[in-house]
Amino acid sequence: MSADVRPIAASELPAWLTTLNTGFLTPGTPTESDVAQRAAHSDLARIRGAFDKATGQCVATFRSFAQELTVPGGAVVGCSAVSNVTVLPTHRRQGLLTRMMEAELAAAHARGDVLSTLIAAEYPIYGRYGYGPATVHAEWEVDVARTGIDRSRPAPVDGGRIDLVDAAEVRRVGPALHERLRAWRHGVIDRDARWWRLETGEEEMSHRPYKERMYAVYRDAGGEVAGLVSYRADDHWTDSKTPLNTVQVRDLLAVTPQAERALWHFLCSIDWVLKVRTGNRPPDDLLPELLPDARAARPVSAADFLWVRVLDAERALAARTYAVPGVLVLDVDDPSGPAGGRYRLDAGAGTCSRTQEPADLRLDVSALGSLYLGDASAVRLGALGRVTEHRPGALALADAVFRTARRPWCPDVF
């Protein structure tokens, strides 16, 4: 079989969406509303499809869009976010994804994007295109009865307050709160106005019906919003009228430890609730130790989340800050992309430039992506054979230079 890989025309969007649905195992013909929404909020030049030459059928899908990512130190870098990647089962193993990915990476580099990002549905696929897992997400289930929280006193103890709010209030205060969070929490990506409309039900996607939520905000003693949570509760009772309800957190943002503590204590103090599922949280979340009994929070999930692909190594490495000073010469292998070369990183000065100096470390671009946000250990990657040390002590220095005090966290799926 052979296929053309190219950006789609507007008239091909319904067929592209049909293939996308099939690839994600959600069969169904897209509605006129689906097509209109996608057309209104997508750049068609960045939507690619593969079209079978014999039948004209769209057999693979690919989309990218502009994104901003906070890196260690608080700087924001421009990314090309990759999403909606599918290949129909009838056309796998024919190089279609490779062709779509190569076209995207070349276009992203030409646009001046520093990084490319994605969230991998399957682990083995994207390393061969230079992406490395750069953040981890975690989830806990809290057994409310074991927490040790005095549920009769749910109010914050620091002079702040918890207020229940409606969706309109979330749209009013949420964006500014999120901007405060991403100003310092590396791994966080931007949210546009439409994100808030979709998450609060003001706008709805026909293929993803909105489920009503409840919202609470934490205001500090000065009245400033420092935390926000959206959540839902199920409705489970025993035959003897005993509640067995679980709260599922959709989103919890907090810019101070006090706000974080107050919101978790609030959720664990709601009547009829036996368990709280935290949703996507950072792997070093404060939550377990914010409870009198940390063992009440049982880990239920931990997995790779955001994957990073470096496109411009000089700009990427110069954009972030480093925990300690040090100079490393990195020999980056990137046979299918633009980031290959030898670079001198001066962590103390915050500079990175190409060099001909002897390499301290040799690594492929996917390993650089894993190191970039500070979560991966260079020493561990060395033990795995993904980083080679040419100067004794360089792996240990890279660990000290790249690692961050708090682990990166990406709250959002895209």
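The values are calculated or read from the model by the stated rules, or taken from the named source; none is laboratory data. Here the structure is a predicted model, which is why all the values come from computation and not from measurement. Neighbour counts run over all protein chains shown; Cβ positions are idealised from the backbone, glycine included. These area figures cover heavy atoms from the full protein model, side chains too; ligands, DNA and RNA do not enter into them. Shrake-Rupley method; radii C 1.70, N 1.55, O 1.52, S 1.80 Å.
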Qualifying positions in the range 72-105 - assigned to a helix (DSSP H, G or I), within 30 Å of residue 409 (Cβ to Cβ) and open to solvent by 20 Å² or more (accessible area, probe 1.4 Å): 97
Please find, among 167, 259, 254, 216, the residue that is over 20 Å from the mean Cα position of the chain (by Cα), open to solvent by less than 30 Å² (accessible area, probe 1.4 Å) and within 20 Å of residue 74 (Cβ to Cβ). 259
Inspect the range 142-160 for any residue being without any contact (Cβ under 8 Å) to a residue 60 or more places away in the chain and within 25 Å of the chain's Cα centre (by Cα) and give the result as yes or no. no
So which strands (runs of 3 or more DSSP E) stay within the range 335-414 end to end and still have 2 or more residues that are more than 24 Å from the chain's Cα centre (by Cα) and among the charged types (D, E, K, R)? 341-346
Cβ pairs under 8 Å, 6+ apart, first in the range 344-370 and on the phi > 0 side of the Ramachandran plot, second among the hydroxyl-bearing types (Ser, Thr, Tyr) and open to solvent by less than 40 Å² (accessible area, probe 1.4 Å): 350/322
If residue 33 satisfies every condition in (1) over 30 Å from residue 409 (Cα atoms); (2) open to solvent by less than 70 Å² (accessible area, probe 1.4 Å); (3) in a helix (DSSP H, G or I); (4) at pLDDT 95 or above but one, which is the exception? (4)
Got a sec? Which of 149, 162 is buried (at least 17 other Cβ atoms within 10 Å of the Cβ) and assigned to a loop (DSSP other than H, G, I, E, B)? 149
Can you tell me which residues in the range 3-17 are more than 26 Å from the chain's Cα centre (by Cα) and open to solvent by less than 60 Å² (accessible area, probe 1.4 Å)? 3, 5, 8, 9, 12, 13, 14, 15
Filter the range 191-213 down to the residues that are without any contact (Cβ under 8 Å) to a residue 40 or more places away in the chain and among the acidic types (Asp, Glu), then identify the one that is most open to solvent (accessible area, probe 1.4 Å). 212
When the residues of the range 220-242 are filtered to those that are assigned to a strand (DSSP E or B), open to solvent by 40 Å² or more (accessible area, probe 1.4 Å) and not aliphatic (A, V, I, L, M), which remaining residue is modelled with the lowest pLDDT? 237
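Conditions tested, residue by residue: (1) of a type in the set (Asp, Glu); (2) at pLDDT 95 or above; (3) surrounded by 15 or more Cβ atoms within 10 Å (Cβ to Cβ).
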residue: 347; (1), (2), (3): no, yes, yes
residue: 357; (1), (2), (3): yes, yes, no
residue: 360; (1), (2), (3): yes, yes, yes
residue: 366; (1), (2), (3): no, yes, yes
residue: 375; (1), (2), (3): yes, yes, yes
residue: 382; (1), (2), (3): no, yes, yes
residue: 389; (1), (2), (3): yes, yes, yes
residue: 395; (1), (2), (3): no, yes, yes
Considering the range 323-343 alone, what residues qualify as being at pLDDT 95 or above and in contact with a Leu (Cβ under 8 Å, 6 or more places away or on another chain)? 326, 327, 328, 329, 330, 331, 332, 333, 338, 339, 342, 343
Of the residues that make up the range 183-190, is at least one more than 16 Å from residue 225 (Cα to Cα), small (Gly, Ala, Ser) and surrounded by 18 or more Cβ atoms within 10 Å (Cβ to Cβ)? yes
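Each row is one residue, and each column tells you yes or no for (1) over 30 Å from residue 406 (Cβ atoms); (2) open to solvent by less than 20 Å² (accessible area, probe 1.4 Å); (3) part of a strand (DSSP E or B).
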residue	(1), (2), (3)
21	yes, no, no
28	yes, no, no
49	yes, yes, yes
55	yes, no, no
60	yes, yes, yes
64	no, yes, yes
108	no, yes, no
Out of 193, 183, sole residue that is within 23 Å of residue 118 (Cα to Cα), touching a helix residue (DSSP H, G or I) at 6+ places or on another chain (Cβ under 8 Å) and of a type in the set (A, V, I, L, M): 193
